[in-house]
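For reference, the structure I am asking about is given below.
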Amino acid sequence: MRMKRDRCLKRSMAIPDFARDILRTLEEAGFEAYCVGGCVRDTLLGREPGDWDITTSAWPEETLALFGEDALPTGLRHGTVTVRRPGGCAEVTTFRRDGDYTDHRHPESVAFTDSLKEDLARRDFTVNAMALSLRGELRDPFHGREDLAAGRIRCVGEPARRFGEDALRILRGLRFAAVLGFAIEPETAAALSAAREDLRAIAPERIFTEVRKLLTAERPSAVLREFPEVFGVFWSELLPMLGYDQRNFHHCYDLWEHTLHALDAVPGEEALRFAALFHDVGKPDCFSLDAGGVGHFYGHAAKSAQLADAMLARLRAPNALRQEVTELIRRHDTPLPGIPEANLRRLLRRLGEARLRRLIALQRADNLAQAPEYRAERAAGLDEVLRRLDAILAEDACFSLRQLAVNGRDLMALGLRGREIGGALDYLLNEVVEGRLPNERGVLLTALQERYPGNGTNRG
């Protein structure tokens, strides 16, 4: 592992040309300049950085003067100038030290400094507190490279102070651990958990941004399993799931463990991950025991969808995501194996191909998180549903309005207006899906003439 990272470090060409040009321009003008933060971390790990940030001894006014029209004053209060070059852009920020934090999010003041070490000392985690020069020289005063090699997330300096400064670092630490597959160093973990209530001071949108990145990691369950109380600060609905005995022979895990296994089992698509996390959150509210002492959760899909919508709305999640997640949860118990052909076609019509495939993927993950002795039969049933779905789609049958042989313009030519058009199109599509009408333009227009007499349909 160390040899691999050494090779990465020596490949200063890993820095893209636009960033190299910015570094070179700053150095030739007599300033220090380094790539810093996540781009250095990812370069050492052999990952492709998403963004390139540069720290420099040049003050913002000097950076603006040096790059002229290619420089934008995007964050002068914090010393940040965005510099554009062919091929990309980078945020160029002056070496700085932060003043006191009073709101668990922003420093009260920022002071520029000529010390790279001071600048690195204010950062959150050691793996993000490294700087890389144009010539591939690594500046690493807090041993971030060692933590990378050990697969460890560790705060720069005193953990309690770091989290007290900016509570969002709590979720950033969990997100880095999930995305990189790292463990959180014990002192950092203890301080992270102790500071969790400070998350209430953070804007919901910022929390959501971190959580969505965390959940789409390859294996998000590890941090959720270790730090459920952190997520309970903003999603208290999760906490009753911990250790919850489902009292049902189909389940070999408690409710929380079942959820975490399902979470890891679905593809890393955002909607699927949220749906897996929330798909059974309503179970504790729906629990009942039958005469034999077996637990049941009648109506839990609808209850879980209701709670999931409220939980996502609390963090200002996009409406489209909320709708997709709640629809998947609402239908996650829909019996799919052995579904009659007509019902499968109707479901395809209602959900569309993409959502139906997501639903199958969610059910497959749910099944994989149940007792082993019940998995094989249901998995085979879901495989068969996928095979039948592929066969239906191969027919090039009509399942959406865009596939319909008529459109809104055709209906307007027939004299239909406003809401009539939408209603008529839905009627025709339903008739085609149910097999009562062929998807042929002439037949469909004739059907409309019969359904809407007196609307000028003789013009068709």
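The values are calculated or read from the model by the stated rules, or taken from the named source; none is laboratory data. The structure presented is a predicted model; accordingly, all values stated were derived computationally and were not measured. Cβ atoms come from the backbone with ideal geometry, glycine included; neighbour counts cover every protein chain shown.
Quick one: Ala291 ticks every box in (1) more than 21 Å from Ala217 (Cα to Cα); (2) part of a loop (DSSP other than H, G, I, E, B); (3) touching a residue at least 24 places away in the same chain (Cβ under 8 Å) bar one, so which box is it?
(3)
Moving on to the next point. Which residue is surrounded by the most Cβ atoms within 10 Å (Cβ to Cβ), if the candidates are limited to region 348-369 and must be out of contact with any Leu (no Cβ under 8 Å at 6 or more places or on another chain) and charged (D, E, K, R)?
My answer is Asp366.
Find the helices (runs of 4 or more DSSP H) located wholly in region 366-438 whose residues include 2 or more that are in the same structural domain as Pro267 (by TED's automatic domain parsing) and among the basic types (Lys, Arg), and list them.
Where helices (runs of 4 or more DSSP H) fall fully within region 366-438 and carry at least 2 residues being in the same structural domain as Pro267 (by TED's automatic domain parsing) and among the basic types (Lys, Arg), they are 375-394.
Follow-up. Any residue at all in region 333-343 that is part of a helix (DSSP H, G or I), within 17 Å of the chain's Cα centre (by Cα) and either outside the structural domain of Thr209 (by TED's automatic domain parsing) or farther than 18 Å from Trp235 by Cα (or both)?
For region 333-343, residues part of a helix (DSSP H, G or I), within 17 Å of the chain's Cα centre (by Cα) and either outside the structural domain of Thr209 (by TED's automatic domain parsing) or farther than 18 Å from Trp235 by Cα (or both): absent.
Filter region 212-259 down to residues that are of a type in the set (Asp, Glu) and part of a helix (DSSP H, G or I) and give me whichever is surrounded by the fewest Cβ atoms within 10 Å (Cβ to Cβ).
Glu229
In region 149-163, which residues are more than 10 Å from Glu185 (Cβ to Cβ) and assigned to a loop (DSSP other than H, G, I, E, B)?
Correct list: Gly151, Val156, Gly157, Glu158.
I'd like the full set of residues that are touching a Leu at 6+ places or on another chain (Cβ under 7 Å) and surrounded by fewer than 24 Cβ atoms within 10 Å (Cβ to Cβ), limited to region 34-53.
Leu44, Leu45
Which one of these is closer than 17 Å to Ala371 by Cβ and without any contact (Cβ under 8 Å) to a residue 24 or more places away in the chain: Asp280, Asp254?
On the way: Asp280 fails: without any contact (Cβ under 8 Å) to a residue 24 or more places away in the chain.
Residue meeting the stated conditions: Asp254.
Can I ask one more? Considering only region 160-182, how many residues are under 11 Å from Phe227 (Cβ atoms) and either among the small types (Gly, Ala, Ser) or outside the structural domain of Arg200 (by TED's automatic domain parsing) (or both)?
3
From the list Leu260, Leu255, Leu277, exactly one residue is in contact with a Phe, Trp or Tyr (Cβ under 6 Å, 6 or more places away or on another chain) and at pLDDT 95 or above. Which is it?
Just one listed residue meets the conditions, Leu255.
Leu386: modelled with pLDDT under 90, surrounded by 13 or more Cβ atoms within 10 Å (Cβ to Cβ), hydrophobic (A, V, I, L, M, F, W, C) and within 22 Å of Arg349 (Cβ to Cβ), yes or no?
no
Could you tell me whether any residue of region 447-456 is in contact with a Gly (Cβ under 7 Å, 6 or more places away or on another chain), at positive phi and either of a type in the set (Val, Ile, Thr) or loosely packed, with under 15 Cβ neighbours inside 10 Å (or both)?
Yes - at least one qualifying residue is present in region 447-456.
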